[in-house]
Amino acid sequence: MGPADRRTHVAGQIIALLTAREQTVAVAESLTGGLLAAALTGVPGASAAFRGAVVAYATSLKATLLDVPPPVLDARGAVSPEVAAAMAEGVRRRLGATFGAATTGVAGPDAAEGKPVGTVHIAVSAAAATTVRSLALAGSRDEIRRRTVEEALGLLWQRLREEHW
C-alpha cells in the first residue's frame with residue numbers, strides 16, 4: 001500500500017468511526033494548506049462527520065480565527081507545540097466539533113522563525129485533553145507536507161481509538 005493509499009485508508013477509518021459514534025472533527029492548518037481537510041473530505045460520506053476547516057497561513061489569523069493567544073505567538077512563534085495545541089483547541093471550539101486537529105510547521109524551501117525546514121507540530125484536541133506531537137521531517141516541501149498529513153491522520157486515529165464513548 002503506497003502513501004496515498006494509506007492516507008485514504010486511515011481517513012476512511014476516521015470518518016467511519018466518527019460517523020458511527022455521531023461525532024465530528026474540524027481541522028486548522030498552516031503548512032499543509034488544506035491537504036488534511038482534503039484527505040478527510042475525499043472520503044465518501046465525510047459530510048456526516050467533517051465540520052470544516054480553517055487554513056490560517058498568516059500568523060495573525062491564528063490569533064483572530066483560532067483564538068491562539070497573541071502572547072504565545074509572540075513568545076514562541078507560529079511554529080511551536082503550544083501553537084499547534086491552541087489551534088486544535090480553537091478550531092474544535094469555533095467550529096463546534098468533537099475533535100480538532102491542527103498542523104503547523106516549516107515545509108520550506110527556507111527556514112522560518114529560526115526553525116529548520118521539516119520542523120512540524122501536530123495536535124489533536126478533545127474536550128478532555130489535547131495531544132501534541134513534534135516532528136523533524138526530511139524531504140522536499142511536498143514530501144514534508146504529505147508526511148505531515150499522514151502523521152496528523154495517524155494521531156487523530158490514535159486519539160479516536162483511545163477515547164471511550
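Derivation of every value follows stated rules applied to the coordinates shown; laboratory data play no part. Note that the structure is a prediction, hence the values are computed from the model and not measured. Cβ: placed from backbone, ideal geometry, glycine included. Neighbour counts: every protein chain shown.
Mind checking which helices (runs of 4 or more DSSP H) fall wholly inside the stretch 63-165 and carry at least 1 residues that are in contact (Cβ under 8 Å) with a residue 24 or more places away in the chain and crowded, with 20+ Cβ neighbours inside 10 Å?
Numbers: elements: 70-76, 81-94, 141-162.
Of the helices (runs of 4 or more DSSP H) lying wholly inside the stretch 63-165, those with at least 1 residues that are in contact (Cβ under 8 Å) with a residue 24 or more places away in the chain and crowded, with 20+ Cβ neighbours inside 10 Å span 81-94, 141-162.
Return the total of residues in the stretch 16-38 being surrounded by 22 or more Cβ atoms within 10 Å (Cβ to Cβ) and closer than 18 Å to Thr103 by Cβ.
Initially, the stretch 16-38 is screened for residues surrounded by 22 or more Cβ atoms within 10 Å (Cβ to Cβ), giving 18, 25-32, 36-37.
Adding the requirement that they be closer than 18 Å to Thr103 by Cβ leaves 25-32, 36-37.
Result for the stretch 16-38: 10.
Which residue is farthest from the chain's Cα centre (by Cα), if the candidates are limited to the stretch 39-60 and must be buried (at least 16 other Cβ atoms within 10 Å of the Cβ), among the hydrophobic types (A, V, I, L, M, F, W, C) and part of a helix (DSSP H, G or I)?
So, considering only residues that are buried (at least 16 other Cβ atoms within 10 Å of the Cβ), among the hydrophobic types (A, V, I, L, M, F, W, C) and part of a helix (DSSP H, G or I), the one farthest from the chain's Cα centre (by Cα) is Ala46.
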